[in-house]
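Colleague: Got a structure here, written out as structure tokens. Questions coming.
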Amino acid sequence: QVQLVESGGGLVQAGGSLRLSCATSGRTFSRYAMGWFRQAPGKEREFVAAITWSVGRTYYANSVKGRFTISIENAKNTVYLEMNSLKPEDTAVYYCAARSGGRSYYTDESYDYWGQGTQVTVSS
């Protein structure tokens with residue numbers, strides 16, 4: 001059974017940092033791409049970042065480029081999202097997702113598996 005379990009969310013002041021983790025199990029994800037999405041109240045879920053498991057190629061939304069970093073630790077089968085210089089508009093539930101095949105990295109419809117989400121709240 002495939003599982004993606006996020007952790008690391010919380011409350012932080014603007015300008016602060018958080019690191020989200022996504023622990024994966026139940027499948028070998030070496031041919032997958034891993035993504036982070038977020039959904040703020042009253043808004044649609046949006047792409048944040050993605051990384052290819054095999055070569056570590058990364059993709060970012062313009063809104064987080066230069067502030068967020070996605071990475072993989074193969075030994076732990078874990079994907080991270082390092083978030084720096086956080087802003088109140090980064091407040092959302094953050095979801096980890098896994099995608100197989102050659103579809104777009106940027107759309108949630110492309111992803112096959114999802115975690116339960118972790119809340120990130122940035123206070124001003």
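The values are calculated or read from the model by the stated rules, or taken from the named source; none is laboratory data. Remember, predicted model here, so these are calculated numbers, not experimental data. Note: ideal-geometry Cβ built from the backbone for every residue, glycine included; neighbour counts use all protein chains shown. Just the protein is used for accessible areas: all its heavy atoms, side chains included, with ligands, DNA and RNA removed. Shrake-Rupley method; radii C 1.70, N 1.55, O 1.52, S 1.80 Å.
Colleague: What residue, among those in region 63-81 that are among the aliphatic types (A, V, I, L, M) and not in a strand (DSSP E or B), is farthest from Arg19 (Cα to Cα)?
Modeller: Checking each candidate, the answer is Ala75.
Colleague: Specify which of the listed residues (Ser104, Ser123, Ser85, Ser100) is touching a helix residue (DSSP H, G or I) at 6+ places or on another chain (Cβ under 8 Å), of a type in the set (Ser, Thr, Tyr) and in contact (Cβ under 8 Å) with a residue 60 or more places away in the chain.
Modeller: Ser123
Colleague: In region 49-62, how many residues are part of a loop (DSSP other than H, G, I, E, B) and not hydrophobic (A, V, I, L, M, F, W, C)?
Modeller: The qualifying residues number 4.
Colleague: Return yes when Thr58 is open to solvent by 50 Å² or more (accessible area, probe 1.4 Å) and either among the acidic types (Asp, Glu) or within 16 Å of Tyr105 (Cβ to Cβ) (or both) and no when it is not.
Modeller: For Thr58, the condition - open to solvent by 50 Å² or more (accessible area, probe 1.4 Å) and either among the acidic types (Asp, Glu) or within 16 Å of Tyr105 (Cβ to Cβ) (or both) - is met.
Colleague: Further, regarding this structure: Condition check: surrounded by fewer than 18 Cβ atoms within 10 Å (Cβ to Cβ) and either touching a residue at least 12 places away in the same chain (Cβ under 8 Å) or in contact with a Leu (Cβ under 9 Å, 6 or more places away or on another chain) (or both). Does Asp90 satisfy that?
Modeller: Against the criterion (surrounded by fewer than 18 Cβ atoms within 10 Å (Cβ to Cβ) and either touching a residue at least 12 places away in the same chain (Cβ under 8 Å) or in contact with a Leu (Cβ under 9 Å, 6 or more places away or on another chain) (or both)), Asp90 does not qualify.
Colleague: Go through region 82-124 and give me each residue that's modelled with pLDDT under 95, part of a helix (DSSP H, G or I) and not hydroxyl-bearing (Ser, Thr, Tyr).
Modeller: Selection gives Asp108, Glu109.
Colleague: Within the bounds of region 50-66, is there any residue that is among the aliphatic types (A, V, I, L, M), more than 22 Å from Gln1 (Cβ to Cβ) and in contact with a Lys or Arg (Cβ under 6 Å, 6 or more places away or on another chain)?
Modeller: No, every residue in region 50-66 fails to be among the aliphatic types (A, V, I, L, M), more than 22 Å from Gln1 (Cβ to Cβ) and in contact with a Lys or Arg (Cβ under 6 Å, 6 or more places away or on another chain).
Colleague: In region 20-48, which residue that is in a loop (DSSP other than H, G, I, E, B) and hydrophobic (A, V, I, L, M, F, W, C) is most open to solvent (accessible area, probe 1.4 Å)?
Modeller: Ala40
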